[in-house]
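Okay, structure first, notes after.
The values are calculated or read from the model by the stated rules, or taken from the named source; none is laboratory data. None of these values were measured; they are calculated from a predicted model. For neighbour counting, all protein chains shown are included, and Cβ atoms are generated from backbone atoms with ideal geometry for every residue, glycine included.
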Amino acid sequence: MSDMLVKLYNLPEVEPYARKLKEQGTVVRRAMAYEKHQIVQWVQMTFGAGWASESDIAFSNHPISCFIAVEAGKIMGFACYDCTCRDFFGPTGVVAKKRGRGIGRTLLLSSLHAMAANGYAYAIIGSVDSAEFYKKTAGAEEIQGSSPGIYRDGLKKPESN
């Protein structure tokens, strides 16, 4: 899986998508510090320990570099940036039963616009598994020769006894 590059100075607007979701009862917003443990725990239970570790870092950044999608007081999705590396988007995920409604697109664009507001001209999306989504949504382009990228020397999971 290769990395992808997004031009942050050429992004589609996020507001129309956020408004449509809000009309359907889903709000996409920046996470708050007091929500850290709930969000990190939810990410771990829904997507695993690796993404939970990365999302935990988002709460050390100023401003917090995590957006969440909330519906009826429950988390439906999340997106982080500047966690694994500076200028990297991710991790991100939406619960399976809510996919296809535009939540992932709105979380992605909210994060990318925040990165642009922080002064970045480009964003890197690491080890992409859904390249078509990123191409279509944000105009991302594959970075040739970027696989396995920064994830090349990870720790192995401990063996069970």
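State the number of residues belonging to the stretch 53-74 that are surrounded by 19 or more Cβ atoms within 10 Å (Cβ to Cβ) and more than 19 Å from PHE88 (Cα to Cα).
Qualifying residue count, the stretch 53-74: 1.
Regarding the stretch 38-55, can at least one residue be identified that is touching a strand residue (DSSP E or B) at 6+ places or on another chain (Cβ under 8 Å) and assigned to a loop (DSSP other than H, G, I, E, B)?
Among the residues of the stretch 38-55, not one is touching a strand residue (DSSP E or B) at 6+ places or on another chain (Cβ under 8 Å) and assigned to a loop (DSSP other than H, G, I, E, B), which makes the answer no.
Could you please find all residues in the stretch 129-159 being modelled with pLDDT of 95 or more, out of contact with any helix residue (DSSP H, G or I) (no Cβ under 6 Å at 6 or more places or on another chain) and β-branched (Val, Ile, Thr)?
Listed by number, the list holds a single entry, ILE143.
What's the number of the only condition in (1) surrounded by 12 or more Cβ atoms within 10 Å (Cβ to Cβ); (2) under 19 Å from THR106 (Cβ atoms) that GLY50 fails to meet?
GLY50 satisfies every listed condition except (2).
Would you check which residues across the stretch 91-129 are basic (Lys, Arg) and either in contact (Cβ under 8 Å) with a residue 40 or more places away in the chain or not in a loop (DSSP other than H, G, I, E, B) (or both) and list them?
Result: LYS97, LYS98, ARG101, ARG105.
Across the stretch 1-37, what is the total count of residues that are surrounded by fewer than 13 Cβ atoms within 10 Å (Cβ to Cβ), in contact (Cβ under 8 Å) with a residue 40 or more places away in the chain and of a type in the set (Gly, Ala, Ser)?
So the count comes out to 1.
Right, ASP153: within 21 Å of GLY50 (Cα to Cα), among the charged types (D, E, K, R) and in contact (Cβ under 8 Å) with a residue 12 or more places away in the chain or not?
It is false that ASP153 is within 21 Å of GLY50 (Cα to Cα), among the charged types (D, E, K, R) and in contact (Cβ under 8 Å) with a residue 12 or more places away in the chain.
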